[in-house]
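Engineer: Please see the structure below; I have some questions.
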Amino acid sequence: MKISELPGDEESGLTCRTYIFQNESHTLGNALKCIISRYEDVQFCAYTVPHPAEAKMHFRIQTQETPALDILKRGLKDLQKVCDHTIDLFEKEVKDFKS
């Protein structure tokens with residue numbers, strides 16, 4: 001997954017950033033937004049897909065004090081944990097169903 005910062009965001013400080021995810025869309029954007037928006041320090045969290053023909057997503061994070069990059073990293077790790085848990089439960093239920 002290729003992630004970069006939106007050019008020109010440097011003036012907003014470390015707590016306010018827009019990240020560009022290449023080859024991602026609403027699937028990752030909505031899941032990540034749901035997780036990150038629940039963090040106490042987060043003031044604003046949203047994503048957009050600028051144009052359907054472009055394979056990229058803009059993801060905006062604004063916090064009170066914590067650097068936005070730290071929040072993004074935490075959100076991605078927490079989303080990975082949710083996905084791992086979902087896969088484990090699914091595989092267990094399939095195994096139980098087949099036996």
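Engineer: Any idea how many Lys pairs in the stretch 3-98 come in under 30 angstrom at the alpha carbon, given 8 or more places apart or on separate chains?
Structural biologist: Total qualifying Lys-Lys pairs in the stretch 3-98 comes to 15.
Engineer: Counting Lys and Arg as +1 and Asp and Glu as -1, what is the net charge of the other residues whose Cβ lies under 11 Å from the Cβ of Ser12?
Structural biologist: With Lys, Arg at +1 and Asp, Glu at -1, the neighbours total -2.
Engineer: Check Thr15: other-chain or 5+ apart residues with amide H under 5 Å from its amide H, H built from backbone geometry?
Structural biologist: Close amide H contacts, sequence-distant or interchain: Ala68.
Engineer: Can you tell me the FRET efficiency between Asp70 and Lys92 if r is taken as the Cβ-Cβ distance and R0 is 30 Å, rounded to the nearest 0.05?
Structural biologist: 0.35
Engineer: Give the residues of the stretch 74-90 whose amide nitrogen is closer than 16 Å to a point set 7 Å from the Cα of Ser99 in the direction of its Cβ.
Structural biologist: Counting backbone N atoms under 16 Å from the label point, the list is 88-90.
Engineer: Now a separate question. Please report the net charge: other residues with Cβ closer than 10 Å to the Cβ of Glu24, K and R +1, D and E -1.
Structural biologist: +2
Engineer: Another question about this same structure. For the chain, take the longest principal axis of its alpha carbons; what is the angle in degrees between that and the long axis of helix 26-36, to the nearest 10 within 0 to 90?
Structural biologist: Approximately 80 degrees, to the nearest ten.
Engineer: Could you calculate the FRET efficiency of Lys56 with Ala31 from 1/(1 + (r/R0)^6), where r is the beta carbon distance between them and R0 is 22 Å, rounded to 0.05?
Structural biologist: 0.85
Bear in mind that the values in this text are calculations on the coordinates, not laboratory data. The structure presented is a predicted model; accordingly, all values stated were derived computationally and were not measured. Note that we place each Cβ from the backbone using ideal geometry, even for glycine, and neighbour counts take in every protein chain shown.
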